[in-house]
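**Q** One structure, as structure tokens, below. Some questions next.
What follows draws every value from the coordinates through simple rules; no lab data is involved. Treat the numbers as computed from the prediction; the structure is a model and nothing was measured. Cβ coordinates were reconstructed from backbone atoms using ideal geometry, including for glycine residues, and neighbour counts include every protein chain displayed.
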Amino acid sequence: MTANEILKIAATVAIVQAVCDLLTNKYVFSSEDYERVVSRLRRAETLRDKAANSKGTNADKHAKRLAKAEDERAAVAAEVARRHTMPTMITSVVFLMLWKILGSEHHGKIVAVLPFQPFGFLQRLTLKGLDISEEVLNLPRTAVANARGEMVVPVSAVSQACSFAFIYVLCSLSVKFVVNKLLSKKPPMGADGGLTDLLGNPQLQRSLKTFGIDVDELKKEM
């Protein structure tokens with residue numbers, strides 16, 4: 001497999017991620033419903049700050065008012081965080097499907113030859129889906145030119161063979177990450193805690209407690 005074909009895998013990952021981000025920006029983050037939720041979050045934060053800065057004579061009433069304002073803010077923040085979490089989960093499913101499609105297309109093919117011998121654990125990924133018998137791999141021991149005149153990298157061990165799985169993971173950690181950073185919309189301040197903000201929803205906390213799940217302990221383990 002040539003370098004151009006490897007670039008096609010990287011380009012496919014980049015295009016799919018870009019399409020997912022652009023569709024999410026258009027149909028989720030540019031919607032009036034999302035803007036209303038963000039506005040509610042800002043108002044809830046303002047009310048929380050006013051409650052925190054107010055100086056009442058009754059400490060108990062002040063504490064209850066502040067707790068209520070914080071619960072309302074946490075509920076809205078959880079709603080905003082959910083709007084960001086759901087597209088991420090859908091994108092993950094899309095890339096799982098892409099893994100299956102591209103994986104079946106490149107199953108058993110040597111995508112690249114690594115310039116080093118990966119250690120044992122990494123070999124499980126680099127050799128995934130390959131027949132590692134030396135006769136089947138037929139890797140060159142010296143630098144030779146193929147039928148198209150391209151120089152083939154010499155190898156000293158069969159373990160230098162690289163499968164599609166390793167290239168796909170590298171693309172996910174690099175190309176996919178960069179495209180997502182460039183195109184995705186970041187959660188607003190106050191709702192950028194991800195799963196932590198989702199767990200901050202008072203209603204969700206009460207529901208989890210009915211199943212014997214301590215939300216505070218769960219947050220500490222995250």
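**Q** For labels at N25 and A3 in the simple 7 Å Cα→Cβ model, what's the distance in nm?
**A** 3.1 nm
**Q** Which residues in region 52-87 have a backbone N closer than 14 Å to a point placed 7 Å from the Cα of D192 along the Cα-to-Cβ line?
**A** Taking a point 7 Å out along Cα→Cβ of D192, the residues of region 52-87 whose backbone N falls under 14 Å are 81.
**Q** Sticking with this structure for a sec: Just tell me which lysines come within less than 17 Å, Cα to Cα, of K26; anything on the same chain fewer than 8 places away is out.
**A** K181, K185, K186
**Q** 7 Å from Cα along Cα→Cβ at both H62 and S39: what's the point-to-point distance in nm?
**A** For H62 paired with S39, the spin-label model returns 3.3 nm.
**Q** A follow-up question, please. Just add up the charged neighbours of V169: K/R +1, D/E -1, any other residue whose Cβ is under 14 Å from the Cβ of V169.
**A** Here the charged neighbours net out to +3.
**Q** Continuing with the same structure: Loop-only check: which trypsin sites (Lys or Arg not before Pro) in region 24-85 are DSSP coil with at most 15 other Cβ within 10 angstrom? Don't skip to the answer; put the middle values down first.
**A** On the way: sites: K26, R36, R40, R42, R43, R48, K50, K55, K61, K64, R65, K68, R73, R82, R83; in loops: K55.
Taking region 24-85 and a limit of 15 other Cβ atoms within 10 Å, the loop trypsin sites (Lys or Arg not before Pro) found are K55.
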